[in-house]
Every structure is written in C-alpha cells, then in structure tokens.
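Each remark here refers to the structure printed beneath this line.
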Amino acid sequence: MPTYSRNPATAFVSHDELSSRIEDSNTFYIAHLEKSTISVVDGVGMLIWELLQKPLTEEDLVAEVAATFNESQETVHRGTVDFMQSLVDEDLVLRR
C-alpha cells in the first residue's frame with residue numbers, strides 16, 4: 001500500500017489569508033516552488049492536504065476521509081485515490 005507525503009518543494013496558503021471574502025474561505029492554493037506552478041484545492045481536497053501534514057498510507061487517508069464525512073470507505077475510496085493521483089501527477093505529493 002503506498003504512503004503519501006507532501007512534496008517539500010510545495011507551499012500553500014488558504015484563500016481567506018488572501019481575501020476577506022468569506023464565501024471563498026474553503027480554497028487552498030498550493031505552489032510548487034521549483035516549477036513555479038499553482039494548483040487550487042477545495043472541498044475534500046483541503047481535508048486531504050491537511051491530513052498530509054504527516055505521511056499517511058492510502059488506507060489511512062481513505063479511512064480518515066470516510067470518518068470525517070460519515071461515509072463508508074468503499075464510497076470515498078475511488079475519489080480519494082483519484083485525487084491523490086492528481087496530486088502525484090502535479091508533483092505536489094510524493095508516493096512511496
């Protein structure tokens with residue numbers, strides 16, 4: 001089972017740190033400092049990014065997302081794995 005962690009070449013800021021508009025407070029901007037790219041993450045993606053403050057296995061991530069939203073692991077598995085793959089593809093997260 002893979003373990004995921006944030007790429008150390010990333011930095012992030014929440015939208016509410018950049019703007020006083022409350023309706024946008026559920027958005028993160030993640031910058032890849034070496035590639036000079038910025039990605040926008042919101043919703044469940046923000047929870048996953050927060051969970052990745054420490055390395056976690058795919059199984060642990062799915063369990064945490066399911067518990068947070070009171071859903072079954074089967075329900076959240078595919079979306080969580082697909083999102084993690086998108087972060088890996090953008091080199092924002094490392095998979096080992």
- Query: Filtering region 32-76 down to residues that are among the polar types (S, T, N, Q) and either in contact (Cβ under 8 Å) with a residue 12 or more places away in the chain or assigned to a helix (DSSP H, G or I) (or both), which residue is most open to solvent (accessible area, probe 1.4 Å)?
  - Reply: Gln53
- Message: Condition first: assigned to a helix (DSSP H, G or I), in contact (Cβ under 8 Å) with a residue 12 or more places away in the chain and loosely packed, with under 15 Cβ neighbours inside 10 Å. Now tell me which residues in region 80-96 satisfy that.
- Response: Val81
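The values are calculated or read from the model by the stated rules, or taken from the named source; none is laboratory data. Only a predicted model underlies this, so the values are computations on that prediction, with no experimental measurement involved. Counting neighbours? That spans all protein chains shown, and the Cβs are built from the backbone with ideal geometry, glycine included. Only protein heavy atoms, including side chains, enter the accessible area calculation; ligands, DNA and RNA are left aside. Shrake-Rupley method; radii C 1.70, N 1.55, O 1.52, S 1.80 Å.
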